[in-house]
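Structure first, commentary second.
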Amino acid sequence: MLTFQQENNQLVSSFLESTYFKAWKEPTNINLQNFSRAEIYLSSKCNLKCKYCYHTHFGEQLYPSKIINYDRIMQNLELLCNWWIENGMAPKIDFFSGEPFVQKLGFDALDLILDKFASAEKKPMMICVPTNFTFILNDKLTEKVERLIEKSKKIGIRLALSASFDGKYCERNRPLKIGIDNRDDEYYDKCFKFAVKHKFGFHPMIYSELIENWIDNFLWFQSYFRKYDLPFFNIYLLEVRNVEWTDWQIKEYMKFIEFLIEWTFKHPCKSDPKKFMKFLFTLKGYNILSAPLTNTGRGIGCSLQSCLYIRMGDLAIVPCHRISYPQNTLAKFIVDNNRIVGIEAVNPELLIGTKTFHYYSQPQCEVCAIKYLCQAQCLGSMLEVTGDMFSPIPTVCKLFHAKVMAMIKGFKKVNMYKTILNYIDERKAMSFRFIEKIMEE
């Protein structure tokens, strides 16, 4: 008879085998794309102290310094790569750290992954690396990043960097920990030249602080896009879903959403309804405009359900990098004789709960008027504020209700509201009409 722990180990292994592990073995299977990614959660070390960053505030709890050990992390990463290759797995890899390109560990870890998969039969399609691009401040670091990119091309794996800086008018939210901040116009020119050369995209965050600067900040991005012949839509905008949003900041955010709609319709789309619809539904609408209009095919819009998060310091599987507190460890890889030989269940209930739930059924969300339009809140942020990763933050709810109202106003201003309602999911259209009616009363 199996022990309780053995039964849980079998449960977790069976669940992962039928989802993520199967998808990693069949990377071209379109039916498994919602389980196609693995995150290498490398470390929490960073050279910035961003005001909205959870690692700035909770880093020691999320990734304890006692397990941030170079040798241990590199050994665990090698074990993981060996296990993937031995089992014919090639996940799309998200490479997550504080800032990987200001620490030796980041470069060496990427080198190791590329070396391991260089001769493998199956290779990851992509390794995606979010970076704050401060490596551009140092010519030697920039050269090292260039060498990694060239190396990955020769091996046949795309190394895709996500330029995660917030822009000239909002960079004060992301100060350097030490030293003089040299992120001036010359620095930004280098950033854009680098991104153009390697076809990288931009991923700034829309934070409550300095939200009043975002119209100017967006136009600043667009001026660089024109300067370097980049498409206007080559930017992925995402709200920071933290508790701090005030009523005044939400009003400023609404102005920004309305501005985005009007500016895009009138300028790059040249007031052409067909071009605007293509922008929203094919070119992804800067993400911030398309997210309420489209469906993701899973229970929450972020990558929490499409990605398996593996912390390299201890080979723990965690819900995501923002919820990796000790009590939330889901499982661990079992190592024997310097090989991964299985999975040990730690919290199977939370594993299955986080990977299969739909935010529609969360408390408060179940009866919410905009649940079909909401892109859902961040589970980590909710945990920090309410103590429950499934209980929404009221100020963020207010933010998303305001966003729907701003979108209605914006779409009406450019005479696209009815066209969009006739195109989207009927449940979404019904929600828009309901909020519209409230606005008219």
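The values are calculated or read from the model by the stated rules, or taken from the named source; none is laboratory data. Values in this document were obtained by computation on a predicted structure and should not be read as measured data. Cβ sites come from the backbone with ideal geometry, for glycine too, and all protein chains shown count toward neighbours. We work out accessible area using only protein heavy atoms, side chains counted, and drop any ligands, DNA or RNA first. Shrake-Rupley method; radii C 1.70, N 1.55, O 1.52, S 1.80 Å.
Computed quantities for the displayed model
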item	result
Rounded percent of accessible protein surface that carbon and sulfur make up, segment 1-116, 1.4 Å probe	52 percent
Using θ = phi - 60° and Karplus 6.51 cos²θ - 1.76 cosθ + 1.60, couplings along segment 199-212 (whole Hz; Gly, Pro as x)	6, 9, x, 10, 9, x, 10, 8, 9, 4, 6, 6, 4, 5
In order through segment 422-433: 3J(HN,Hα) via Karplus (6.51 cos²θ - 1.76 cosθ + 1.60), integer Hz, x for Gly, Pro	6, 9, 8, 3, 4, 5, 5, 4, 4, 5, 4, 4
Most to least packed among 14-22, 377-385 [average Cβ atoms within 10 Å]	377-385, 14-22
Distance between segment 416-441 and segment 56-103 - C-alpha centres, whole angstrom	44 Å
1.4 Å probe accessible area per residue over segment 195-309, in Å²	41 Å²
Potential lengthening between residue 367 and residue 185 on full extension [0.36 nm per residue; Cα-Cα distance subtracted]	60.7 nm
Relative contact order %, the chain, counting alpha carbon pairs below 8 Å whose residues are six or more apart	18 percent
Contact order relative to length of segment 245-400, as percent, for alpha carbon pairs under 8 angstrom and 6 or more apart	18 percent
Top positive-direction residue, dipole computed over segment 121-258 with Cβ charges, set 221, 253, 208	221
Residue 271 paired with residue 2, simple spin-label distance in nm, labels 7 Å along Cα-to-beta-carbon	6.7 nm
Lysine pair count for segment 343-426 [Cα-Cα under 22 Å; pairs on different chains or 8 or more apart]	12
Principal semi-axes in Å for segment 157-290 [√(5λ), Cα gyration tensor, largest first]	24, 21, 13
Net charge over other residues, Cβ less than 14 angstrom from the Cβ of residue 230 (K, R count +1; D, E count -1)	+3
Rounded tilt (10° steps) of 4-16 against the dominant C-alpha axis of the chain	50 degrees
Cα pair distances exceeding 14 angstrom across segment 362-411, given as percent	51 percent
Whole-Hz couplings from phi, Karplus 6.51/-1.76/1.60, listed for segment 253-261; x for Gly and Pro	5, 4, 4, 5, 5, 4, 4, 4, 5
Antiparallel bridges, percent of DSSP beta bridges restricted to the chain (to nearest 5)	35 percent
Cα-based helix-to-principal-axis angle, 185-198 vs the chain, degrees rounded to 10	70 degrees
Whole-Å distance, taken between Cα centres, linking segment 123-165 and segment 236-295	29 Å
Environment charge of residue 433, counting only residues whose C-beta is closer than 15 Å and scoring Lys/Arg +1, Asp/Glu -1	+2
Segment 164-226: C-alpha gyration tensor shape, a/c 1.5 cut-off, then a/b vs b/c	oblate
Charge context of residue 89, other residues only, Cβ under 13 angstrom, K/R +1, D/E -1	+3
Order by protection proxy (mean Cβ within 10 Å, highest first), peptides 308-317, 292-301, 220-229	308-317, 292-301, 220-229
Cα gyration tensor shape for segment 6-65, rounded if a/c is under 1.5, else prolate or oblate	oblate
Mean separation of Cα contacts under 8 Å (6+ apart) over length of segment 1-72, as relative contact order %	17 percent
Theoretical ellipticity at 222 nm over the chain - DSSP helices of four or more residues, -39500 (n - 2.57) apiece, nearest 500	-13500 deg cm²/dmol
